[in-house]
Amino acid sequence: MKAKYVNPFTDFGFKKIFGEEASKPQLLDFLNALLPQANKIVDLSFKNAEQLGITEADRKAIYDIYCENESGEKFIVELQKAKQNYFRERTIYYSTFPIREQAEKGNWNYNLKAVYCIGILDFTFDDYEAEPEKYEVVHFIKLKDQKGKVFYDKLTYIYLEMPNFKKSEAELETRLDKWLYFIQNLEDFQSIPVIFKEEVFSQAFEKAEIAKYNQVELDDYESSLKVFR
């Protein structure tokens, strides 16, 4: 059966749903479902990640979504489709860009805004094989000392291991559950499930509907789909 909606694990599909100016409500809702209530975001602005690099190679490093909230906190939201060598190192390297961007000329006190690096992974980590965390979906990671106390609370890495998300529609409990179910199953839907009655989800389905795309968008999606496969 031909897919009605885009595959959100393609670069095109992910950016269409979460990474365009008109997609702000979806990204806001998703991030607020993921982050603690104390970090609730009121507004976001997208930033051009290509301007952050220093070297030629750095300028070619493009994050799926780079944005900032009204408090000046920075968010990198990245889709990872395939496991890569030095994946953690790559994430940490990318997180330095929104940190360095905050530097001010002249006499500066180094008071940084928070930075969040969010990875939506279409694979699982290897090193949890024999541990309870093996089947965890969400991993929150901060810098801690040898006693497990948070040393610096303004840098957070959040990884979503999507293959570990196994909930059925009847088992969904939280807003984050809904978004993960949406991302995990979007390409297989032929109609909108009743659980997605809120406007923010209705708009997401509308953005994901392949029949609404023009020829240029269809070509871009097909190219993105080939890369994914």
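The values are calculated or read from the model by the stated rules, or taken from the named source; none is laboratory data. Values in this document were obtained by computation on a predicted structure and should not be read as measured data. For neighbour counting, all protein chains shown are included, and Cβ atoms are generated from backbone atoms with ideal geometry for every residue, glycine included. Side chains included, ligands, DNA and RNA excluded: accessible areas come from the protein's heavy atoms. Shrake-Rupley method; radii C 1.70, N 1.55, O 1.52, S 1.80 Å.
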Worksheet item: Listed residues TYR159, TYR135, TYR86, TYR116; which is touching a residue at least 12 places away in the same chain (Cβ under 8 Å), hydroxyl-bearing (Ser, Thr, Tyr) and within 25 Å of VAL227 (Cα to Cα)?
Response: TYR159
Worksheet item: Got at least one residue in the stretch 149-161 being at pLDDT 95 or above, over 21 Å from ASN39 (Cβ atoms) and loosely packed, with under 13 Cβ neighbours inside 10 Å?
Response: no
Item to complete: Return yes when LYS167 is assigned to a loop (DSSP other than H, G, I, E, B) and in contact (Cβ under 8 Å) with a residue 12 or more places away in the chain and no when it is not.
Response: yes
Worksheet entry | Selection count, the stretch 170-206, where residues are over 17 Å from the mean Cα position of the chain (by Cα) and either not in a helix (DSSP H, G or I) or not hydrophobic (A, V, I, L, M, F, W, C) (or both) | 17
Worksheet item: Checking PHE75 against (1) under 30 Å from GLU198 (Cβ atoms); (2) modelled with pLDDT under 85; (3) buried (at least 18 other Cβ atoms within 10 Å of the Cβ), which test does it fail?
Response: (2)
Worksheet item: Among (1) in a loop (DSSP other than H, G, I, E, B); (2) open to solvent by 70 Å² or more (accessible area, probe 1.4 Å), where does LEU143 come up short?
Response: (1)
Item to complete: Take the residues in the stretch 40-72 that are of a type in the set (D, E, K, R) and at pLDDT below 65, then tell me which one is least open to solvent (accessible area, probe 1.4 Å).
Response: ASP58
Fill in: Checking LYS197 against (1) within 15 Å of ASP11 (Cβ to Cβ); (2) open to solvent by 60 Å² or more (accessible area, probe 1.4 Å); (3) basic (Lys, Arg), the condition it does not meet
(1)
